Amino acid sequence: MTTIQLALLAIGAYVCNALLIARHFHKDRSEKAPLSPGWIAVIAHFAYIAVNFTHYHGFNFSFFSTASLVSMIVALLLLVATLNKPVEKLGVILFPITALMLGLDLSASEKPHPLHIHNWQMSTHILTSIIAFSLLNIAALQAILLAVQDQQLRSHPPKRYIQSLPPLQTMESLLFQMLSAGLFFLTISLISGFIFVEDLFAQHLVHKTVLSILAWINFSGLILGRIRYGWRGRTAIKLTLCGFLSLLLAYFGSKLVLELILHR
């Protein structure tokens, strides 16, 4: 199959699975939505990225290619998480976004930014950075869904799709599990960056470093606040979204400005 065929297959499967999940919002919360189209989508998406990797002899880290790669990893992590956690409802938000990122990558005429990695040190730093961002991306989506659920539960009666979600306490527990996993990989990413990157505070890296450290402080404070003071609800939601916004700016802010606005 060509890259266009692989991409179109993945996009169609992502959208199909999102629609199937949306239909299950009207069913009992104990019944899980089918996720086989999501697995097909991720496999086709991975194959698309692998073909491009072969073409460029390395990863193409242009803006939309990076967004496509990260969104694929987020989708994969979500599917893996659904094996033992009731988080499949997040797919109704995540899968369309992933399809959109892949579509933009397919149609964009960006200048390629291939990255060739020849040592395990930089591979560790980049891989843990992507995994951390992906896990915290899922946590941010979980926080948004939790905010909607909290707001709806204050109304009487809540809408049907809210009733199909796991209980609020379970949703909060899942949020902090995701945050803990994301913080673990973000910690490794920062440590490996300080050890292996020659000058982490160079002009082109300083904003990424500072924003990533701010995000780490934010998430660490939230988890410690949860343990020591029992932080939950809106406090947890706001801090999760603030931390993720900081990471989003760190990972994609400069690429957005340089590649799409300044065309460098």
* So, in region 71-96, of the ones that are among the hydrophobic types (A, V, I, L, M, F, W, C) and assigned to a loop (DSSP other than H, G, I, E, B), which residue ends up surrounded by the fewest Cβ atoms within 10 Å (Cβ to Cβ)? -> L83
* Structure fact -> Residue pairs qualifying under the 8 Å Cβ cut-off, at least six apart or on distinct chains, with the first in region 1-19 being open to solvent by 70 Å² or more (accessible area, probe 1.4 Å) and the second being assigned to a loop (DSSP other than H, G, I, E, B), are L9/M1
* To do: Of all residues in region 217-235, count the ones that are in a helix (DSSP H, G or I), among the basic types (K, R) and crowded, with 17+ Cβ neighbours inside 10 Å.
  => 1
* Can you name the condition, by its number, that S68 falls short on among (1) under 27 Å from L179 (Cα atoms); (2) open to solvent by 10 Å² or more (accessible area, probe 1.4 Å); (3) of a type outside the set (V, I, T); (4) without any contact (Cβ under 8 Å) to a residue 40 or more places away in the chain? -> (2)
* Structure fact -> Restricting attention to region 142-164, the residues that are modelled with pLDDT of 70 or more and either in a helix (DSSP H, G or I) or within 22 Å of the chain's Cα centre (by Cα) (or both) number exactly 12
* Failed item in (1) in contact with a Phe, Trp or Tyr (Cβ under 6 Å, 6 or more places away or on another chain); (2) modelled with pLDDT of 90 or more, with L115 passing the rest -> (2)
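The values are calculated or read from the model by the stated rules, or taken from the named source; none is laboratory data. Predicted model, so just to flag it, every value in this text is computed and none were measured. Counting neighbours? That spans all protein chains shown, and the Cβs are built from the backbone with ideal geometry, glycine included. Heavy atoms of the whole protein, side chains included, go into the accessibility calculation; ligands, DNA and RNA do not. Shrake-Rupley method; radii C 1.70, N 1.55, O 1.52, S 1.80 Å.
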